[in-house]
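Since the structure comes first, as structure tokens, the remarks are kept for the end.
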Amino acid sequence: MIREAILRGKVRPGTVFSRRKLAEDFGMSFLPISEALQRLENDGLVESRPRAGTRVRVPNIEEIRGRYVVREALEAQSARLCCERATFEERLELQRMADQLDTLYSHAEAGGPDFQFVVHTHHHELHMRIAEYARCEELKQAIEKNHVLIYNWFFDVTAQRRSLPPHFHADLVKVISGDDIHAADNAMRLHVQYGLPDVIERIVPETPGEWRLKR
């Protein structure tokens with residue numbers, strides 16, 4: 001529930017969690033609250049400091065760029081292999097998902113946080129389906145383990161980036177569904193890098209300074 005609140009944008013980067021208040025809100029003891037925050041810290045969505053508490057992670061420019069580099073490397077390879085190995089039926093499925101996702105994004109700007117959460121969920125599913133059709137379990141696990149799509153989601157929510165060009169995902173899938181693995185690789189790289197300067201500009205200036213002690 002804490003993780004979902006972060007990814008819905010209900011708690012912003014820099015928000016310091018009070019373990020006591022969380023325990024009261026969820027009606028449970030400190031132990032499961034502490035375990036949940038530890039898992040979120042392991043996932044990189046929160047950060048802790050001694051005598052300062054735990055807060056939603058505040059990404060810096062280097063981290064944002066680094067996460068994009070990792071995502072580009074993993075997903076470009078995923079696109080190459082998907083282009084090479086996906087069946088005809090799987091390519092049709094990707095095209096259907098991409099069209100649906102673009103339709104959702106066209107309404108995202110007017111929708112509220114709950115609708116945008118649905119949009120990001122569909123976005124995550126499309127990219128994981130591409131990884132699935134690449135037929136390399138280790139690559140798929142690397143994408144999941146490095147949380148590359150979750151970080152993209154987190155950065156977008158933090159930057160409040162909601163709109164994308166028309167047919168943004170349909171155009172990507174059209175190339176991936178073709179027969180040129182190099183074009184698929186390049187298309188995914190451009191897709192991942194799209195909007196990075198805007199994300200950095202919107203996130204970094206709002207980075208708060210000192211933490212307040214809240215346990």
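The values are calculated or read from the model by the stated rules, or taken from the named source; none is laboratory data. Worth saying up front: this structure is predicted, and the values here are computed from it rather than measured. Positions of Cβ are backbone-derived with ideal geometry, glycine not excepted, and every protein chain shown enters the neighbour counts.
Here is how the numbers come out for the structure above:
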read-out: Every residue from region 58-81 that is of a type in the set (D, E, K, R) and without any contact (Cβ under 8 Å) to a residue 60 or more places away in the chain; value: Glu62, Glu63
read-out: Selection from region 1-22 of residues that are assigned to a loop (DSSP other than H, G, I, E, B), of a type outside the set (D, E, K, R) and under 15 Å from the mean Cα position of the chain (by Cα); value: Gly9, Pro13
read-out: Unmet criterion (only one of (1) part of a helix (DSSP H, G or I); (2) over 16 Å from the mean Cα position of the chain (by Cα); (3) at pLDDT below 95) for Tyr151; value: (2)
read-out: Qualifying positions in region 32-48 - of a type outside the set (Val, Ile, Thr) and in contact with a helix residue (DSSP H, G or I) (Cβ under 9 Å, 6 or more places away or on another chain); value: Pro32, Ser34, Ala36, Leu37, Arg39, Leu40, Asp43, Gly44, Leu45, Glu47, Ser48
read-out: Set Glu72, Glu41: member being of a type outside the set (Phe, Trp, Tyr), at pLDDT 90 or above, surrounded by fewer than 18 Cβ atoms within 10 Å (Cβ to Cβ) and closer than 30 Å to Cys136 by Cα; value: Glu41
read-out: Selected residue (criterion: surrounded by the most Cβ atoms within 10 Å (Cβ to Cβ)) from residues of region 44-69 that are among the polar types (S, T, N, Q) and out of contact with any Phe, Trp or Tyr (no Cβ under 7 Å at 6 or more places or on another chain); value: Ser48
read-out: Close pairs from region 124-135: first free of Cβ contacts under 8 Å to residues at least 60 places away in the same chain and of a type in the set (A, V, I, L, M, F, W, C), partner loosely packed, with under 15 Cβ neighbours inside 10 Å and not in a helix (DSSP H, G or I), Cβ under 9 Å, at least 6 apart; value: none
read-out: Test for Met97: is it over 16 Å from Lys174 (Cβ atoms), at pLDDT 95 or above, hydrophobic (A, V, I, L, M, F, W, C) and assigned by TED's automatic domain parsing to the domain that holds Ala159; value: no
read-out: Matching residues, region 23-79, being in a helix (DSSP H, G or I), closer than 14 Å to Ile2 by Cβ and among the hydroxyl-bearing types (Ser, Thr, Tyr); value: Ser34
read-out: Yes/no for Ala131 being aliphatic (A, V, I, L, M), surrounded by fewer than 21 Cβ atoms within 10 Å (Cβ to Cβ) and under 17 Å from Ser78 (Cα atoms); value: no
